[in-house]
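Accompanying notes for the structure given below.
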Amino acid sequence: PVFLIPEAPDPSIMDGHGSGLSVAGVVMEELRNLLEARNRHISKALSIAHGKPLHIVRGEMQYLHASDGTKYLDLVNNVSHVGHCNPHVVEAGQKQMAILNTNSRYVYGGITDYLGRLSSTLPESLTVGFLVNSGSEANELAVRLARSFTGNHDMAVIESAYHGHTGMLIDLSPYKFRGPGGHGSPEAWVHVLPIPDTYRRPTIDYSGEAMEEMKQAGPLAGLLIESMLSCAGQVPLPSGYFADVASAVRNQGGLLIADEVQVGFGRVGTHMWAFQESGIVPDIVVMGKPIGNGHPMAAVFTTPEIASSFGGMEFFSTFGGNPVSCAIGMAVMDVIEKEDLMSHAHTLGERFKTGLNSLMQEHELIGDVRGRGLFLGVEMVKDRSTLEPAATEASEIVDKMRDQGVLLSTDGPLHNVIKIKPPMVLNHEDVDRTLFELDNCLSVV
């Protein structure tokens, strides 16, 4: 079976009168039944999070509550951007659902108000938005737009990138096609650029190698690149890199597509969108995950010229931009702005990084601390000279932190980077608690 099913509760897990299961026994029996159902009805391709089954029954801002009463601090769920079950977002969705929900072929104020609000956060050239249902759908649309506008077909991506689960995007995701079950080598039209990793490859001319790779590729439709690399190990792009690859792809006839699905909406702490720090304006920007705080939404923004390049073919998403989604999206923006979550992310990110750097001085296992705002990575190594990855140790730390009620996860090509990308409503006490527990776990691994 995919999931290990606990043994049936034994008679010792009875209530004090021997007349039935105790609360613990009921919880175990319910979990057992759920796992049996998952094994019957859910594909083996879907893994389970955090190393063991967690029966989560309620979300509350930065916390998740399990059926056994455990309250977990969630440090990895960047989808619930403004907090699990944020009351303002929930109310907005409920209210709109009771009034109207239809498709975008009808005229209603919600969709244009929302697109205008998103556009106001972007460079002034990016005024036209497409609303869809997922980051995968948005990235696929961005590639279609690039191909239609340029007349070229080939695409460039970064090693270890993940851009979505559609057929096209699996072919554009080295994280998938070079991972378990993948075909190992890219399609002929996919050109993979090395990770500009300043920790593992500190002396490389990252821009030079990327420009040479694109030059060898010939005409390109576009470069699809995360503004900060996530599955590649929470890697910030080196200074000047974004500008250089933008110039390089445009020299090859292509467009620059900024994938902000993981890092957008103020998470980096200094800007609404991570690409803005570079001063470069992408041709297309893709938004997803945090856009609806768990509601299935995504968006693509581009220029009027690029948006009109489909040549008469209609674009329509059945659910994209419906009134309920727009109301929820507006509510998410309300919370980000009214609670100044971007500045909050900057303040807490600095507190986190300071604490993590302090732990790095005490624990040799930490090789690098990186990231911005509330998008951080902690790379674990067995030896700081050889940089031998400590993947087993990283997983062990994540498991120990889970047992202390703090949810983390690992990522990166070597599976040795602990990632931190929590709901933006985290507080100072949460940061300090995490650092305290992490210190304890590092001391025994």
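Is there a residue being basic (Lys, Arg), surrounded by 23 or more Cβ atoms within 10 Å (Cβ to Cβ), in a loop (DSSP other than H, G, I, E, B) and touching a residue at least 12 places away in the same chain (Cβ under 8 Å) anywhere in segment 379-392?
Step one: of segment 379-392, the residues basic (Lys, Arg) are 382, 384.
From what is left, the residues that are surrounded by 23 or more Cβ atoms within 10 Å (Cβ to Cβ) are none.
No, the conditions are met nowhere in segment 379-392.
From the list 315, 310, 275, 265, exactly one residue is among the hydrophobic types (A, V, I, L, M, F, W, C), crowded, with 19+ Cβ neighbours inside 10 Å, in a loop (DSSP other than H, G, I, E, B) and in contact with a helix residue (DSSP H, G or I) (Cβ under 9 Å, 6 or more places away or on another chain). Which is it? Every option except 265 fails the conditions. Taken over segment 117-127, the residue count meeting the criterion of being over 24 Å from the mean Cα position of the chain (by Cα) and of a type outside the set (Ser, Thr, Tyr) is 1.
Looking across 279, 233, 254, one residue alone is farther than 22 Å from residue 420 by Cβ and touching a Gly at 6+ places or on another chain (Cβ under 6 Å). It is 254.
Mind telling me which of the residues 224, 220 ends up being crowded, with 22+ Cβ neighbours inside 10 Å and part of a loop (DSSP other than H, G, I, E, B)?
Details: 224 fails: part of a loop (DSSP other than H, G, I, E, B).
Result: 220 is the single residue among 224, 220 that is crowded, with 22+ Cβ neighbours inside 10 Å and part of a loop (DSSP other than H, G, I, E, B).
Return the pairs, sorted by first residue and then second, in which the second residue is of a type in the set (D, E, K, R) and modelled with pLDDT of 95 or more, the first residue lies in segment 320-331 and is closer than 11 Å to residue 113 by Cα, the beta carbons are less than 8 Å apart, and the residues are 6+ apart or on different chains. If the second residue must be of a type in the set (D, E, K, R) and modelled with pLDDT of 95 or more, the pairs left are 326/113; 327/95; 330/113; 330/117.
Somewhere in segment 161-171, is a residue touching a residue at least 24 places away in the same chain (Cβ under 8 Å), among the β-branched types (Val, Ile, Thr), open to solvent by less than 40 Å² (accessible area, probe 1.4 Å) and under 16 Å from residue 246 (Cα atoms)? Reasoning before the result, please.
If we filter segment 161-171 for residues that are touching a residue at least 24 places away in the same chain (Cβ under 8 Å), which is where we start, we get 161-166, 168-169.
Subsequent filtering for residues that are among the β-branched types (Val, Ile, Thr) retains 166.
Filter once more, so that each one left must be open to solvent by less than 40 Å² (accessible area, probe 1.4 Å): 166.
Retained after the next criterion (residues that are under 16 Å from residue 246 (Cα atoms)): none.
No, that holds for no residue.
Taken as a whole, the condition of being within 17 Å of residue 161 (Cα to Cα), open to solvent by less than 60 Å² (accessible area, probe 1.4 Å) and under 25 Å from the mean Cα position of the chain (by Cα) does not apply to residue 240.
Residues are listed down the side, and each one gets a yes or a no for (1) on the phi < 0 side of the Ramachandran plot; (2) of a type outside the set (A, V, I, L, M, F, W, C):
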{"site": "351", "(1), (2)": "yes, yes"}
{"site": "358", "(1), (2)": "yes, yes"}
{"site": "368", "(1), (2)": "yes, yes"}
{"site": "387", "(1), (2)": "no, no"}
{"site": "394", "(1), (2)": "yes, no"}
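Might you check whether a residue that is touching a residue at least 24 places away in the same chain (Cβ under 8 Å), in contact with a Leu (Cβ under 9 Å, 6 or more places away or on another chain) and surrounded by fewer than 18 Cβ atoms within 10 Å (Cβ to Cβ) occurs anywhere in segment 407-417? The answer is no, given that none of the residues of segment 407-417 is touching a residue at least 24 places away in the same chain (Cβ under 8 Å), in contact with a Leu (Cβ under 9 Å, 6 or more places away or on another chain) and surrounded by fewer than 18 Cβ atoms within 10 Å (Cβ to Cβ).
Specify the residue that is surrounded by the fewest Cβ atoms within 10 Å (Cβ to Cβ); the eligible residues are those in segment 55-84 that are hydrophobic (A, V, I, L, M, F, W, C) and in contact with a Lys or Arg (Cβ under 8 Å, 6 or more places away or on another chain). So that I can check it myself, show each step before the final result.
Going residue by residue through segment 55-84, those that are hydrophobic (A, V, I, L, M, F, W, C) are 56-57, 61, 64, 66, 73, 75-76, 79, 82.
Then keep just the ones that are in contact with a Lys or Arg (Cβ under 8 Å, 6 or more places away or on another chain); that gives 64, 73, 75-76, 79.
Numbers: 64: 21, 73: 22, 75: 25, 76: 20, 79: 18.
Checked segment 55-84; the qualifying residue surrounded by the fewest Cβ atoms within 10 Å (Cβ to Cβ) is 79.
Filtered by the rule that a residue be of a type in the set (A, V, I, L, M), touching a residue at least 40 places away in the same chain (Cβ under 8 Å) and over 20 Å from residue 409 (Cα atoms), segment 30-73 gives a lone residue, 42.
Which helices (runs of 4 or more DSSP H) sit wholly inside segment 102-205 and have at least 2 residues that are out of contact with any His (no Cβ under 8 Å at 6 or more places or on another chain), polar (S, T, N, Q) and at pLDDT 95 or above?
Working: elements: 109-119, 135-150, 167-171, 174-177.
Those helices (runs of 4 or more DSSP H) span 109-119, 135-150.
Residues that are closer than 15 Å to residue 342 by Cα and of a type in the set (A, V, I, L, M, F, W, C) were ranked within segment 245-274; the one that is nearest to the chain's Cα centre (by Cα) is 263. Annotation note: Cβ proximity below 9 Å between a residue of segment 180-197 that is farther than 26 Å from residue 45 by Cα and a residue that is open to solvent by 40 Å² or more (accessible area, probe 1.4 Å) and not in a loop (DSSP other than H, G, I, E, B) (sequence gap 6+ or interchain) occurs for 191/213; 191/216; 193/209; 193/213; 194/209; 194/213; 196/209.
Applying the set (1) in contact (Cβ under 8 Å) with a residue 24 or more places away in the chain; (2) open to solvent by 50 Å² or more (accessible area, probe 1.4 Å); (3) under 16 Å from residue 326 (Cβ atoms) to residue 131 leaves exactly one unmet item: (2).
Would you mind stating whether residue 210 is in a helix (DSSP H, G or I), more than 23 Å from the chain's Cα centre (by Cα), of a type in the set (Gly, Ala, Ser) and within 29 Å of residue 409 (Cβ to Cβ)?
Values: in a helix (DSSP H, G or I): yes; more than 23 Å from the chain's Cα centre (by Cα): yes; of a type in the set (Gly, Ala, Ser): yes; within 29 Å of residue 409 (Cβ to Cβ): yes.
For residue 210, the condition - in a helix (DSSP H, G or I), more than 23 Å from the chain's Cα centre (by Cα), of a type in the set (Gly, Ala, Ser) and within 29 Å of residue 409 (Cβ to Cβ) - is met.
Can you name the residue in segment 68-84 that is in contact with a helix residue (DSSP H, G or I) (Cβ under 7 Å, 6 or more places away or on another chain) and among the β-branched types (Val, Ile, Thr) and is also farthest from residue 25 (Cα to Cα) among such residues?
Going through segment 68-84, the residues in contact with a helix residue (DSSP H, G or I) (Cβ under 7 Å, 6 or more places away or on another chain) turn out to be 68, 73, 75, 78-79, 81-82.
The next check asks that each one be among the β-branched types (Val, Ile, Thr); those that pass are 79, 82.
Numbers: 79: 33, 82: 35 Å.
Within segment 68-84, the match that is farthest from residue 25 (Cα to Cα) is 82.
The values are calculated or read from the model by the stated rules, or taken from the named source; none is laboratory data. Keep in mind the model is a prediction, meaning the values are calculated, not measured. Quick reminder, even Gly has a Cβ in these numbers, built from the backbone with ideal geometry, and neighbours come from all protein chains shown. Note: areas computed on protein heavy atoms with side chains; ligands, DNA, RNA excluded. Shrake-Rupley method; radii C 1.70, N 1.55, O 1.52, S 1.80 Å.
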